[in-house]
1. Among the residues of segment 34-50, which ones are among the small types (Gly, Ala, Ser), within 26 Å of His89 (Cβ to Cβ) and in a helix (DSSP H, G or I)?
2. Being in contact with a strand residue (DSSP E or B) (Cβ under 9 Å, 6 or more places away or on another chain) and among the small types (Gly, Ala, Ser) is the filter; apply it to segment 182-208 and report the residue that is modelled with the lowest pLDDT.
3. Can you name the residue in segment 154-181 that is touching a helix residue (DSSP H, G or I) at 6+ places or on another chain (Cβ under 8 Å) and surrounded by 13 or more Cβ atoms within 10 Å (Cβ to Cβ) and is also modelled with the lowest pLDDT among such residues?
Amino acid sequence: MNLDWDVHTLPIATDVSMKRTIRLAQPGDMFVLLEPSAQEAICLRQRQLALQARFGGQPHELVHLTCQRFTLGDESRVNGVIDRVVGLHTQPPLDLVAISLIQFEHAFWGSRLLRWQVRVTDELHCFCRLVDDILTQAGATVHYPWSTSWENKSVTALENVPPVDLDSSLAETEYPHQLFDVCQVVLSRIADQSVFEILAQARLWTQK
């Protein structure tokens, strides 16, 4: 999962796709994650294995798009946030399209990541703005404000990848391509370093 101490000694991660620095995740931080169906997760694993054969590294478990990371100063508000996130089940599924691959040095995980960069559609933008509204109304501090953080978004495919020359390794014809349909919203929290707990999950509305 994609995931921040004294403000003067805060470790940071440089996300070159967002052209800014953001603090590393820390225990207590919460996340709103967008996930595929179980069936699509199987297809995604095949894509990961194909990339692994080409670039090395290890497949990232539980492929997802991080919609938002946030903190709550008042623990009594957690149940309210859970109720609001579960209420997102009335929203229709979202279509995620990969438009390129990017490399990302992530200090939290201590490795180089290979990620699919996804197209930010109006539907995705509006959905994540809705999530921001829900969180801020509940008194949360969001770490990725939609107005400044949505120029680029990405989904981790591989971890521990050696440096690669993506420009010379990838043919332009490989992108864009369908990545997955977002079928589920998950609320999680860091319990300890690299240990996460699931607080709530909701399947998005579908006519099927």
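The values are calculated or read from the model by the stated rules, or taken from the named source; none is laboratory data. From a predicted model like this one, the values you see are computed outputs, not experimental measurements. Cβ: placed from backbone, ideal geometry, glycine included. Neighbour counts: every protein chain shown.
1. Restricting attention to segment 34-50, the residues satisfying the condition of being among the small types (Gly, Ala, Ser) are 37-38, 41, 50.
From what is left, the residues that are within 26 Å of His89 (Cβ to Cβ) are 37-38, 41.
Selection gives Ala38, Ala41.
2. Ala191
3. Going residue by residue through segment 154-181, those that are touching a helix residue (DSSP H, G or I) at 6+ places or on another chain (Cβ under 8 Å) are 157-158, 161-162, 164, 169, 179-181.
Next, from what is left, pick out any that are surrounded by 13 or more Cβ atoms within 10 Å (Cβ to Cβ): 157-158, 161, 164, 179-181.
Numbers: Ala157: 95, Leu158: 95, Val161: 93, Val164: 83, Leu179: 96, Phe180: 96, Asp181: 93.
Once the filter is applied, the top-ranked residue is Val164.
Conditions tested, residue by residue: (1) of a type in the set (Lys, Arg); (2) modelled with pLDDT under 90; (3) surrounded by 15 or more Cβ atoms within 10 Å (Cβ to Cβ).
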site	(1), (2), (3)
Pro59	no, no, yes
Ser76	no, yes, no
Phe108	no, yes, yes
Arg115	yes, no, yes
